[in-house]
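The values are calculated or read from the model by the stated rules, or taken from the named source; none is laboratory data. Predicted model, so just to flag it, every value in this text is computed and none were measured. No Cβ is skipped: glycine too gets one built from the backbone with ideal geometry, and neighbour counts run over all protein chains shown. The accessibility values were calculated without ligands, DNA or RNA, using every heavy atom of the protein model including side chains. Shrake-Rupley method; radii C 1.70, N 1.55, O 1.52, S 1.80 Å.
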Amino acid sequence: MEDVLELYARKHDEREPVVCLDERPVPLRDAARDGTAMSPGKIARVDYEYVRRGTAHIFCIIEALTGRRLTHATRDRAGPSFAKALKRIARRYKRARTIHLVVDNLSTHSEKCLIDALGPQQGRALLRRFTVHFTPKHASWLNAAEMEVSLVVRECLGRRRIGDLATLRHEVSAWNRRADRKRRGINWTFRVADARRVFRYAGLVTSRSRH
């Protein structure tokens with residue numbers, strides 16, 4: 001926990017950006033029957049029944065201090081999708097000395113998954129671009145990307161029914177472009193001292209945990 005909180009307390013450094021990543025499942029739903037369009041004096045109506053078309057995922061990616069985003073929709077959250085997300089981040093920050101990546105303990109967030117997806121040489125080369133910081137178990141709230149998830153749900157998805165991956169990708173991509181231009185960052189104010197006060201401990205001396 002303190003490792004992540006100390007990371008958030010750093011000043012912005014272009015050579016070592018801090019990027020947070022989290023995945024959000026999205027059920028794809030189509031209307032079971034057509035509704036009625038809006039007309040003068042009448043509101044649009046949508047039938048409550050729907051047909052499930054499977055599940056997609058949104059990779060929510062944000063550099064909290066600057067508000068730069070790479071949020072996008074994928075078919076799943078398996079290893080190859082995670083590898084593609086990391087390649088996107090590496091391209092965005094190609095001049096960085098290292099990219100600090102905050103993720104939870106999902107099994108796909110591992111060197112093995114990158115090697116399975118890209119092969120030993122490319123997988124390890126990609127991972128070397130990053131310094132990975134894992135949130136503690138049952139403490140994914142420490143990942144600032146969860147705030148990005150909330151923004152996507154409220155501002156992009158809403159209560160709409162989206163029935164296919166292509167439409168979801170288009171909508172999320174359009175939202176990401178708008179949000180990225182506005183550079184809305186995340187002001188993380190919960191610090192190590194706050195954690196020690198809230199959880200009532202004096203501090204720990206330990207090496208940084210690795211996955």
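Summary of computed values
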read-out: Helices (runs of 4 or more DSSP H) enclosed by the stretch 98-211 - at least 1 residues per element that are in contact with a Gly (Cβ under 9 Å, 6 or more places away or on another chain) and either among the β-branched types (V, I, T) or surrounded by 17 or more Cβ atoms within 10 Å (Cβ to Cβ) (or both); value: 111-118, 165-182, 192-199
read-out: Residue, least open to solvent (accessible area, probe 1.4 Å), within the stretch 65-79, restricted to residues that are without any contact (Cβ under 8 Å) to a residue 40 or more places away in the chain and among the small types (G, A, S); value: G79
read-out: Qualifying position, being among the charged types (D, E, K, R) and more than 22 Å from P25 (Cβ to Cβ), among R52, R97; value: R97
read-out: Subset tally (residues that are over 23 Å from K11 (Cβ atoms) and open to solvent by 10 Å² or more (accessible area, probe 1.4 Å)) for the stretch 80-97; value: 6
